[in-house]
Amino acid sequence: PGDFSLRGRGAATVVVLGAGVAGLTAAYELGKAGYDCTLLEARAKAGGRNLTLRGGDRLTELNGPAQEVTFGEGVYFNAGPARLAPWMLAMDYCRELGIPIETFVNNNAQAYVHTNGRTVRARTARADMYGYVAELLAKATDVGALDRKLTKDDQERLLDFLRRFGDLGPKHDYEGSPRRGFVKYPALDTGTPIALPGSLREVLAAGTGRAITNDFGHEQATPMFQPVGGMDAIVTRLAEAVGQDRIRTGARVTGITTLDDGVEVTWDGGRIKADYCVATLPPHLLARIPHNLGTQITAALKTPVPAATGKIGLEYGTRWWELEDRIYGGVTETDLDITHIWYPSHDYHAERGLLVGYYNTAEHAELYGALTPEDRRHRALTQGKKIHGEKYRTGLLSSVSIAWDRQEHIQGGWVRWPAVDSSFTLLQRPSGRVYFAGDWLTHLIAWQAGSMESARSAVTQLHERVMRSS
Ligand code: PHE
């Protein structure tokens, strides 16, 4: 990662299809190197899935009613991407473009885990699982079950770790721990710990395993970050740097023709000829646009399968999750069809606030997507009430929900490649004068960083070709 620039000046013209994060990044980097770019964007505004909704916005959906967003001042909903990992390129662009960032609380011990109809604090679920796993392994070690695997010294080292990991007693029993949390936290007195853990069997039966390991991976590990004021700061700043006048919105591409001396692109309103084209539309939409790039390209574009994703933003008049639950940011993990509840990682103690009441994928996203906005809200509130009680329903001010597979000119949350095969690598190279870019061409699908990496790859290849031919 780090600062990127193409070496040397290129004077060519480039038409960029799509002004999402990939298209904007491509145009931004090409612009820095002297290229003359025009972006064609079918939607009413740039950004693609990087969409932040605020009061006064209107969200339309294919075959669905429009939703008017009525959030109060300062309330926003990142309907698409909402968190950045520190190693991702999106962080570099925030720095380069002067976008302030703040911590995104992805893991909060104080949030809940709701599985099999029971709600516990995340810290409790973790303490119990870690505690019992540590106890089992420590006792297995004690009875010699690991003697063929480990020397006595190594067993001592392992036991030393397990005692810490599980907060075990002297006989290597897990009998609860202050890590589980308190009904009344210690202060002048020792406080009131929450009731003792269930048995190992009960803890296993609670099925908290997925919920408490969510942030173990390299993509979700704490700390994560977000732009201050909404993820679309990335779009706004990139579009400013590219030049708004270069972005033609409401322009749906209808044809792509690669020629010996350039590319011709038609849209419903005109045609443009440029030296090169960078096509960043979702592959399933690109595949449907008439072109002369050959049947292999069409087949490759049809290979990735779009996946449904949905979210709902729930605006409340008070931040009861902060005041009553003491939850400041983070995620409650559930085995319900809402999957997660996200608490805002910004503007703590403000009057209003917005929760993400569901963020789901696949069949759960399809289920919610098929409902009207009112029914999505009703269902999300019914589910969330199981965790947070009646206030979850009564305190609601407004809501807006999105089904990404029903967003015009996008039609998917992201894609899945049945196999990363020759189609994937084929599209990472140009076809004639057409280059492809998007998160869908990387191993960072469903991350802006993927779009950015892919855009850099495409413009690097394009630029090297221009430098060779001039
Ligand atoms: N980037 C998205 C998110 O953080 C989708 C995603 C989730 C991608 C988990 C990979 C892993 O929610």
Original post:
Along the principal axes of its C-alpha atoms, what lengths does the chain span, in descending order and rounded to whole Å?
Top reply: 79, 58, 38
**OP:** Using Cα positions and a limit of under 15 Å, work out the aspartates and glutamates in reach of residue 273, with same-chain residues fewer than 8 apart set aside.
**Re:** 36, 260, 261, 264
Subject >> Top positive-direction residue, dipole computed over the chain with Cβ charges, set 75, 38, 278 >> reply: 278
**OP:** At q = 0.10, 0.11, 0.15 Å⁻¹, what is the base-10 log of I(q)/I(0) for region 85-236 according to the Debye formula with one equal point scatterer per Cα and no solvent? Please give it to two decimals.
**Re:** -0.53, -0.62, -0.90
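Using a 10 Å cut-off around each Cβ, can you sort 124, 222 from fewest to most neighbouring Cβ atoms?
In order of increasing Cβ crowding within 10 Å: 222, 124.
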**OP:** Report the charge-dipole magnitude of region 313-414 in Debye, nearest 20, computed about the Cα centre from +1 at each Lys and Arg Cβ and -1 at each Asp and Glu Cβ.
**Re:** 260
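Quick one: grab the alpha carbon gyration tensor of region 38-91, order the square roots of its eigenvalues as a ≥ b ≥ c, and give me rounded if a/c is under 1.5, else prolate or oblate depending on whether a/b is larger than b/c.
Details: a/c = 2.21, a/b = 1.27, b/c = 1.74.
Cα axes put region 38-91 in the oblate bin.
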**OP:** Determine the relative contact order of region 10-128: mean sequence separation of Cα pairs under 8 Å and six or more apart, normalised by residue count, in whole percent.
**Re:** 15
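Restricting to the chain, what percent of DSSP beta bridges are antiparallel, rounded to 5?
If I count the DSSP bridges inside the chain, around 75 percent turn out antiparallel.
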Original post:
Near the amide H of residue 414, under 5 Å away, which other amide H atoms are found, from residues 5 or more places off or on another chain, if H is placed in the peptide plane?
Top reply: 307
Original post:
Listing 268, 167, 142, 260 from the residue with the fewest other Cβ atoms within 10 Å to the one with the most, what is the order?
Top reply: 260, 268, 142, 167
**OP:** Quickly estimate the mean residue ellipticity at 222 nm for the chain, helices only: each DSSP H run with n ≥ 4 gives -39500 (n - 2.57), and the total goes over all residues, rounded to 500.
**Re:** -9500 deg cm²/dmol
Original post:
Which distance in Å, rounded to a whole number, links the C-alpha centroids of region 139-157 and region 337-399?
Top reply: 48
Original post:
Under 13 Å Cα-Cα from residue 386, which aspartates and glutamates qualify once same-chain neighbours fewer than 8 residues away are excluded?
Top reply: 333, 335, 337
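Quick one: which of 185-191, 197-203 comes out on top by average Cβ neighbours within 10 Å, and what's the full order, highest first?
Details: 185-191: 9.4, 197-203: 14.9.
The peptides rank, most packed first, as 197-203, 185-191.
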**OP:** Kindly write out, for region 93-106 in residue order, the coupling ³J(HN,Hα) from the Karplus curve 6.51 cos²θ - 1.76 cosθ + 1.60 (θ = phi - 60°), rounded to whole Hz, with x marking Gly and Pro.
**Re:** 5, 4, 5, 4, 8, x, 8, x, 10, 9, 5, 9, 7, 8
Subject >> Nearest-20 debye value, the chain charge dipole, Cβ charges on Lys, Arg, Asp, Glu >> reply: 260
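Would you please put 244-250, 270-276 in order of how densely packed they are, using the mean number of other Cβ atoms within 10 angstrom per residue and starting with the highest? Write down the numbers at each step before the final one.
Details: 244-250: 13.7, 270-276: 17.0.
The packing order, highest mean first, is 270-276, 244-250.
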Original post:
Which residue, chosen from 422, 455, 466, occupies the Cα position most advanced towards the positive end of the dipole of region 378-470, where the dipole is computed from +1 (Lys, Arg) and -1 (Asp, Glu) charges on Cβ about the Cα centre?
Top reply: 455
Original post:
Which pairs in the list 45/302; 311/391; 45/311; 32/302 are over 24 Å apart, alpha-carbon to alpha-carbon?
Top reply: 45/302; 32/302
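Please report, in debye to the nearest 20, how large the charge dipole of region 92-147 is about its Cα centre when each Lys and Arg carries +1 at its beta carbon and each Asp and Glu carries -1 there. Kindly include the intermediate steps, with their values, before the conclusion.
Numbers: 6 positive and 7 negative charges, 66 e Å.
Using Cβ point charges on Lys, Arg, Asp and Glu, region 92-147 gives about 320 debye.
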Original post:
Of 16, 329, 162, whose Cα points farthest to the positive end of the dipole of the chain (charges on the beta-carbon: +1 Lys, Arg; -1 Asp, Glu; origin at the Cα centre)?
Top reply: 16
**OP:** Calculate, axis by axis, the spread of Cα positions in region 157-252 along the three principal axes, and write the results as whole Å, longest axis first.
**Re:** 71, 36, 30
**OP:** Collect residues whose amide H, placed 1.01 Å from N in the peptide plane, falls under 5 Å from the amide H of residue 291; neighbours closer than 5 in sequence don't count.
**Re:** 256
Original post:
Which lysines have a Cα less than 23 Å from the Cα of residue 152, not counting those fewer than 8 places away in the same chain?
Top reply: 139, 171
Original post:
In percent, what relative contact order does the chain have, based on Cα pairs under 8 Å that are 6 or more apart in sequence?
Top reply: 22
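Could you tell me what % of all Cα pairs in region 32-132 have separations over 17 Å?
Looking at region 32-132, the distances longer than 17 Å represent 74 percent of pairs.
Taking the highest mean first, how do the peptides 212-221, 447-456 order by number of other beta carbon atoms within 10 angstrom per residue? If you can, show how the numbers build up before the last one.
Values: 212-221: 13.6, 447-456: 25.7.
Packing proxy ranking, top to bottom: 447-456, 212-221.
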Subject >> ³J(HN,Hα) computed for each position of region 150-165 - Karplus, 6.51 cos²θ - 1.76 cosθ + 1.60, integer Hz, glycine/proline x >> reply: 10, 6, 4, 4, 5, 4, 4, 5, 4, 4, 4, 5, 4, 4, 6, 4
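Rule-based calculations on the coordinates, nothing more; no lab input. Here the structure is a predicted model, which is why all the values come from computation and not from measurement. FYI the Cβ positions are ideal-geometry reconstructions off the backbone, even for glycines, and counts take in every protein chain you see.
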